[in-house]
1. Out of the stretch 8-41, which residues are surrounded by fewer than 11 Cβ atoms within 10 Å (Cβ to Cβ) and either in contact with a strand residue (DSSP E or B) (Cβ under 7 Å, 6 or more places away or on another chain) or farther than 28 Å from residue 103 by Cα (or both)?
2. So residue 44 fits all but one of (1) assigned by TED's automatic domain parsing to the domain that holds residue 28; (2) within 20 Å of residue 29 (Cα to Cα); (3) modelled with pLDDT of 80 or more; (4) surrounded by 10 or more Cβ atoms within 10 Å (Cβ to Cβ); what number is the exception?
3. Hey, can you tell me all the residues within the stretch 57-104 that are at pLDDT below 85 and within 16 Å of residue 31 (Cα to Cα)?
4. Name the residues in the stretch 22-50 that are more than 20 Å from residue 83 (Cα to Cα) and without any contact (Cβ under 8 Å) to a residue 12 or more places away in the chain, would you?
5. List the pairs whose first member sits in the stretch 75-90 and is not assigned by TED's automatic domain parsing to the domain that holds residue 32 and exposed (fewer than 14 other Cβ atoms within 10 Å of the Cβ), whose second member is at pLDDT below 90 and part of a helix (DSSP H, G or I), and whose Cβ atoms are under 7 Å apart, counting only residues at least 6 apart or on separate chains?
6. Any residue that is free of Cβ contacts under 8 Å to residues at least 60 places away in the same chain and surrounded by 16 or more Cβ atoms within 10 Å (Cβ to Cβ) - is there at least one of those in the stretch 106-113?
């Protein structure tokens, strides 16, 4: 299995420290409706080679593992909670879906521009 250096770039215009800028970028990447989908990728240790640009929005792909109930449960645990979709909203939604299935459906709707 190969190793790669993957880079994503964003302009952060209102940060007080480098750490604050990094936290803002990380929060942007983790949002369900994030457009953080374009990356430059280089084989690790081969600086002389030109990188490959990868636009994930152009690829046919399976749902991101963290956009499935199983992936979310694995990340946050059975009794955990997604930061963007609190359990009180799930309870108020009067759904028959389990909490993690509900969160996965919300993430899918946000990705498709419906939510």
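The values are calculated or read from the model by the stated rules, or taken from the named source; none is laboratory data. None of these values were measured; they are calculated from a predicted model. Using ideal geometry, Cβ is built from the backbone for each residue, glycine included, and neighbour counts are taken over all protein chains shown.
1. 11, 13, 14, 16, 17, 18, 19
2. (2)
3. Correct list: 57, 63, 64, 65, 66, 67.
4. Across the stretch 22-50, the qualifying residues are 46, 47, 48, 49, 50.
5. Close Cβ pairs (under 7 Å, with a partner that is at pLDDT below 90 and part of a helix (DSSP H, G or I)) amount to 75/66.
6. Within the stretch 106-113, one or more residues are free of Cβ contacts under 8 Å to residues at least 60 places away in the same chain and surrounded by 16 or more Cβ atoms within 10 Å (Cβ to Cβ).
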